[in-house]
Amino acid sequence: MTELDDILVSGEFAAFREAYAPAVHPAGTTAVRETVRRRRRRTAVVTAAAVVLAVAIPVGANAALNRRPDPRPGPAQTATPSPSETTASPTPPPPTPSTSSPTPAAPNGRITRSQLLAARIDLPTWPSYVPKTCTTARVRLDSEAGSRPVLLGEPGYGDVDGDGAVETVALVGCPAGEALVKQVVAFDRNAAGRITTIGQIVGTYDELGDITEFSVRDDGTIRVRVADIQPCCSTPEWSPQRQWRTYAWSGERFTQTAGPTKFGVDPRLTDLTLTAGDLVVGPPDTKGNRTATVTVTVVNKGPVDVPLLGFSDFFTIGEPAGGDLSRCRTVRSDGGDACVLDALAAGKRKTYTFTFRYDPPDMADIRPTLRVIHYDPQERWWNDLKFKDNQVELRTAG
């Protein structure tokens, strides 16, 4: 027995004696020895457990502090929360920064008039009937109409091709006879700053005789004012039929998206018909002068009322000398002076008698004629839907 055992046994006996000696009779030596052996075994187990705990706790704490993650992931463990627990939504991971290069901004395509005039630019194709001076490659635009392509008016600006940057729209023309062939063209700049041509928006052709103005809208569409004929020569400024048409970029070219596509019959015009009897020439007077009289009928076949009827080509007959010509108001027409008389509604007719101082032409191939003209309240003359029946050649009688 060790010293520790002696101490434990002595203590146990002392405690037992104090607590139970007055009431318990001694059980004998054998019983006491058995009790001591049982308590000794219990004390040894407790002591061993204490030693194990004293060693295990520091070792476990040190292992927890120095643990490294296992590089081989194991199977995912799914825990089922109890009804009293609230499952929090997982926090999404932060966005991964993009490694791709950002799309470069489109070049600024705003080009001033002076820059367009100073640059060499490429133009869309002109119609086949224009002269050879109407070139298309590396063109230097003129500022005034001459024999080469010319820049007409001021450019317009807007994002016409949908790339987020501004482009330039310009009206250019080239002479073909006494008129200008025209086209509206869109320009841009490339990454190097050089002027490039996007394409033609609209140009003049057989049905489309003129382009007078345009505007670039906020949505990138282009409104263009077009006309069926181009005023020049003897055609007055008010005569063309005009329309607004809208064009937009389709991704490949410009196409019309709004507005009329054809002109059709000019709603301002009507169909006048002139018929005449013989030009009756009277006998000469004492001075040898003669007069000639003719009766004419005008029918307005419609569809437009005529505010003023005019008659011209008198110079082939002679000077007005009476009849309905005595109440003429003389106005200027496309072929000289005209005698303006009454209004004539659509579907109506009127007959007039005209007297002239007869002055036979010196040349035998000149025959007396008469023509009827449609005038509006401003005394502007208009073309006729069927102009061939507006003029008659008079037969001379007498």
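Side notes on the structure shown:
- Residues being free of Cβ contacts under 8 Å to residues at least 24 places away in the same chain, closer than 20 Å to Glu213 by Cα and loosely packed, with under 14 Cβ neighbours inside 10 Å are represented in region 143-162 by at least one member.
- Filtering region 184-204 to residues that are in a strand (DSSP E or B) and either small (Gly, Ala, Ser) or closer than 17 Å to Arg138 by Cα (or both) leaves Val185, Ala186, Phe187, Asp188, Arg189, Ile195, Thr196, Thr197, Ile198, Gly199, Gln200, Gly203.
- Test: residue in region 223-235 that is among the small types (Gly, Ala, Ser), buried (at least 17 other Cβ atoms within 10 Å of the Cβ), at pLDDT 95 or above and closer than 30 Å to Thr351 by Cβ: no
- Checked against the criterion of being more than 23 Å from Asn289 (Cα to Cα) and modelled with pLDDT under 90, the candidates Asp384, Asp342, Asp337 yield just one match: Asp337.
- Candidates Thr297, Thr353, Thr270, filtered to the one that is farther than 25 Å from Leu385 by Cβ, at pLDDT 95 or above and either surrounded by fewer than 18 Cβ atoms within 10 Å (Cβ to Cβ) or touching a Pro at 6+ places or on another chain (Cβ under 9 Å) (or both): Thr353
Conditions (1) in contact (Cβ under 8 Å) with a residue 60 or more places away in the chain; (2) surrounded by 15 or more Cβ atoms within 10 Å (Cβ to Cβ), marked per residue:
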{"residue": "Thr286", "(1), (2)": "no, no"}
{"residue": "Thr316", "(1), (2)": "no, yes"}
{"residue": "Ala346", "(1), (2)": "yes, no"}
{"residue": "Trp382", "(1), (2)": "yes, yes"}
{"residue": "Arg395", "(1), (2)": "yes, no"}
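- Some residue of region 327-339 being crowded, with 18+ Cβ neighbours inside 10 Å, β-branched (Val, Ile, Thr) and touching a residue at least 24 places away in the same chain (Cβ under 8 Å): no
- Near pairs, Cβ below 6 angstrom, 6+ apart or cross-chain, from region 258-283 (within 15 Å of Thr297 (Cβ to Cβ)) to any residue that is in a strand (DSSP E or B) and open to solvent by 40 Å² or more (accessible area, probe 1.4 Å): Gly277/Thr295; Leu279/Thr396
- Filter result for Asp324 (surrounded by fewer than 20 Cβ atoms within 10 Å (Cβ to Cβ) and in contact with a Phe, Trp or Tyr (Cβ under 8 Å, 6 or more places away or on another chain)): yes
- Residue count, region 189-218 (criterion: charged (D, E, K, R), loosely packed, with under 15 Cβ neighbours inside 10 Å and in contact (Cβ under 8 Å) with a residue 12 or more places away in the chain): 3
The values are calculated or read from the model by the stated rules, or taken from the named source; none is laboratory data. Treat the numbers as computed from the prediction; the structure is a model and nothing was measured. Methodologically, a virtual Cβ is constructed for each residue, glycine included, from the backbone with ideal geometry; neighbour enumeration extends over all protein chains shown. What goes into the accessible areas is simple: the full protein's heavy atoms, side chains included, and nothing from ligands, DNA or RNA. Shrake-Rupley method; radii C 1.70, N 1.55, O 1.52, S 1.80 Å.
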